[in-house]
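K.L.:
Quick one: the structure is below, and I'll ask about it shortly.
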Amino acid sequence: GLPEVPVRPIAERRVSRRIQVGPVAVGGGAPVSVQSMTTTRTSDIGATLQQIAELTASGCQIVRVACPTQDDADALPVIARKSQIPVIADIHFQPKYVFAAIEAGCAAVRVNPGNIKKFDDQVREIAKAARDHGTPIRIGVNAGSLDRRLLQKYGRATPEALAESALWEASLFEEHDFRDIKISVKHNDPVVMVEAYRQLAAQCDYPLHLGVTEAGPAFQGTIKSAVAFGALLSQGIGDTIRVSLSAPPVEEIKVGIQILQSLGLRERRLEIVSCPSCGRAQVDVYKLAEEVTAGLEGMEVPLRVAVMGCVVNGPGEAREADLGVASGNGKGQIFVKGEVVKTVPESKIVETLIEEAMRIAEQMEKDGASG
Ligand code: SF4
C-alpha cells in the first residue's frame, strides 16, 4: 500500500489546561480545532441549523451563534439539541442571556470582557451556573470593545492592554474558583494580535482561541489569519482557531483547515502540487489545476496530486506525488507514484486524473480495512 502522509508537528505545543466544549477537547494537547460562526439570525432556527449543517459538512468542529435578543436566546435550546457539533452562544451585553444559554445546553458561552464589567456582581452566579452545568466560558477580548479603564491606562489596544484585560476578567472568575475558561484576545492587526497572544500564553495556562478580528474580505483575511496563526502555532501557541472573513462561514472553515494542514498540525487530505507555469508550459496550468482541484474536492484520503505544465520538470516533480500529470504536445502523461501509467489527450487529463484518484483512494481504503 501507499505510505501514510506523516503529520509533523512544527513545535512543542504550549502546555495548557484542557476544557471540554461538548465532545470536543480544547487545550491540554488536544488537536487544534476549527470553528466558525453562523451569519443567520439565530432566532431563525431553520436557517441557523441549515447553516450549521453546511459548516459541519465542511469540517467545522465548533460553531458559535450570536445571541443579541430574547428571541435568539429562546432559539438556543433547539439549536443546541439539534446541531451536530457543539454550539457556543456568543453574548456581548446581557447576563440574562448567559444564564439562558447555559440552561439551553450550549456547549460553552462566550462573554465579552469589555462589557462584562457591568455585571461584576453577577460573575458569582454565572460561575455557579456554568459549574453546575459543566459549561466552559470563553473570555473574548476584542480590541474594539476593550475595557475603558485599560484603554485609559494604555492609550489604545496594545498587546499589553489586551492580555491584561483578559487576565483580569479571568481573575473575576477565579475568585469564585472557576477556571473552566478559554481566552481570545483579538485585534485586526496580526502583529499586535500575535504579541498579545504571546504575552497571554506566558502568563496563564488557559487554552487559547486564536482569531484576527475584522480580518477583511477573503483574500486579505486569509493572508492575515494564515500569517498570524502560523506565527503563533509554529511556537506551539493556540488550541482552537477561527478565521474571520467577510465571506460565507464555510470559506472560513476551508481556510482554517488549510492553515492547520500547511503547518502539519492536521493530516493533509487532498493536496494539489501545481507548478506556477512558465514559458515552457504546454498547457493552461491555472485552468487545469483548478479543474483538478474541483474534480477531486471532498476526497477523504490523503492524496498529493501534481499538475505540471511541461515534461521538463514535470516527471521529476510528479514522482514525489501519489498521482500527477505532466503536459506536452497536447497530451498528458499520467503518473502514479512516479511511473507513467498512461498518456492521454489534453481533453481527457482531468477525467483520467479523477479516475486514477478514485482507484488509489479505493485501494487505500481497502489497505486500511485489511489492517
Ligand atoms: Fe515551467 Fe514546466 Fe516547471 Fe511548470 S513544470 S514551471 S511549465 S518548467
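A quick yes/no check of all residues on (1) over 29 Å from Lys254 (Cα atoms); (2) in contact with a His (Cβ under 7 Å, 6 or more places away or on another chain); (3) among the hydrophobic types (A, V, I, L, M, F, W, C):
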| position | (1), (2), (3) |
| --- | --- |
| Thr40 | no, no, no |
| Ile45 | no, no, yes |
| Asp71 | yes, no, no |
| Ala80 | no, no, yes |
| Ile88 | no, no, yes |
| Ala108 | no, no, yes |
| Asn112 | no, yes, no |
| His133 | yes, no, no |
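K.L.:
Please name all residue pairs, on different chains or six or more residues apart, with Cβ atoms under 7 Å, provided the first residue is in region 174-188 and is in contact (Cβ under 8 Å) with a residue 12 or more places away in the chain and the second residue is part of a helix (DSSP H, G or I) and hydroxyl-bearing (Ser, Thr, Tyr).
P.N.:
Val185/Tyr197
K.L.:
Among (1) buried (at least 21 other Cβ atoms within 10 Å of the Cβ); (2) within 16 Å of the ligand (Cβ to nearest atom); (3) of a type in the set (Lys, Arg), where does Arg242 come up short?
P.N.:
Condition not satisfied by Arg242: (2).
K.L.:
Do you know which residues across region 23-48 are assigned to a helix (DSSP H, G or I) and either in contact with a helix residue (DSSP H, G or I) (Cβ under 6 Å, 6 or more places away or on another chain) or in contact (Cβ under 8 Å) with a residue 24 or more places away in the chain (or both)?
P.N.:
Result: Ile45, Thr48.
K.L.:
Go through region 190-228 and give me each residue that's without any contact (Cβ under 8 Å) to a residue 40 or more places away in the chain and in a loop (DSSP other than H, G, I, E, B).
P.N.:
Cys204, Gly211, Ala215, Gly216, Pro217, listed by residue number.
Here, each number is a calculation from the coordinates, and none is a lab measurement. Keep in mind the model is a prediction, meaning the values are calculated, not measured. Reconstructed Cβ throughout: ideal geometry from the backbone, glycine too, with neighbour counts over all protein chains shown.
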